[in-house]
Amino acid sequence: MTTIGKAFAQDHRRLEAELSGAFRSIEASDWQAASASFARFRVGIERHIEVEEQVLFPAVENGLETPLTAILRKGHRDLKVFFDEVEDAILERDQDEALRVISAMRALLELHDKKEEAELYPVAQERLGAVGAAAISEALQG
C-alpha cells in the first residue's frame with residue numbers, strides 16, 4: 001500500500017535528481033541538458049506544490065489555516081521566486097548565477113521537504129486514508 005508520505009517522499013527524490021542533473025549540466029556548460037533538466041524539475045515541482053495546496057493542506061486545515069500550512073505555503077512562494085531566476089541564468093548562460101540560485105533552492109528544499117515528511121504527511125495520511133493516498137500518488141504522476 002502506498003502512503004501519502006511514501007508517494008511524496010519518492011516525488012521529492014525524483015525532483016532532487018532533476019535539480020541535481022540541471023546543476024551538473026550547468027557545471028559542464030551543457031546548456032541544452034541544463035534547460036531540459038530544469039524544465040522537467042519545474043513542471044514536476046509545480047505539480048507537486050499544486051497537489052499539496054489543493055488536496056493535502058485543506059485536509060489538514062479543516063477550513064482554518066494552521067501554523068504548519070502557513071509556513072509551508074510561504075516556503076512554496078519562496079521557492080517559486082527562484083524558478084524564473086534559474087531559467088533566465090540558463091538562457092543567458094550565466095554559470096555562476098545559475099549555480100548560486102540552484103544551491104539556494106536546494107538548501108531551502110531540503111529543510112522544506114524534511115518538515116513536510118515529518119509533520120504534514122502523517123497528518124494528511126490520517127485524514128485522507130488509503131484511498132486518498134492512491135489518488136495522490138496518481139496525481140503526482142501527472
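The values are calculated or read from the model by the stated rules, or taken from the named source; none is laboratory data. Note that the structure is predicted; figures quoted are calculated from it, not measured. Quick reminder, even Gly has a Cβ in these numbers, built from the backbone with ideal geometry, and neighbours come from all protein chains shown.
Out of segment 1-38, which residues are free of Cβ contacts under 8 Å to residues at least 12 places away in the same chain and either hydrophobic (A, V, I, L, M, F, W, C) or closer than 18 Å to V81 by Cα (or both)?
A17, A28, A36
Could you grab me the full set of residues in segment 23-62 that are among the small types (G, A, S) and either touching a Lys or Arg at 6+ places or on another chain (Cβ under 6 Å) or more than 22 Å from G5 (Cα to Cα) (or both)?
S25, A28, S29, A33, A34, S35, A36, S37, A39, A59
Against the condition of a type in the set (A, V, I, L, M, F, W, C), under 24 Å from I26 (Cα atoms), buried (at least 16 other Cβ atoms within 10 Å of the Cβ) and touching an Asp or Glu at 6+ places or on another chain (Cβ under 6 Å), how does V101 come out, does it pass?
It is true that V101 is of a type in the set (A, V, I, L, M, F, W, C), under 24 Å from I26 (Cα atoms), buried (at least 16 other Cβ atoms within 10 Å of the Cβ) and touching an Asp or Glu at 6+ places or on another chain (Cβ under 6 Å).
Given the options E138, E126, E110, name the one that is of a type outside the set (S, T, Y), surrounded by fewer than 17 Cβ atoms within 10 Å (Cβ to Cβ) and at pLDDT 95 or above.
Criteria check complete, one pass: E110.
So for segment 56-63 (the condition being exposed (fewer than 14 other Cβ atoms within 10 Å of the Cβ) and of a type in the set (A, V, I, L, M, F, W, C)), does at least one residue qualify?
No, the conditions are met nowhere in segment 56-63.
Within segment 1-11, which residues are assigned to a helix (DSSP H, G or I) and surrounded by fewer than 20 Cβ atoms within 10 Å (Cβ to Cβ)?
G5, K6, A9, Q10
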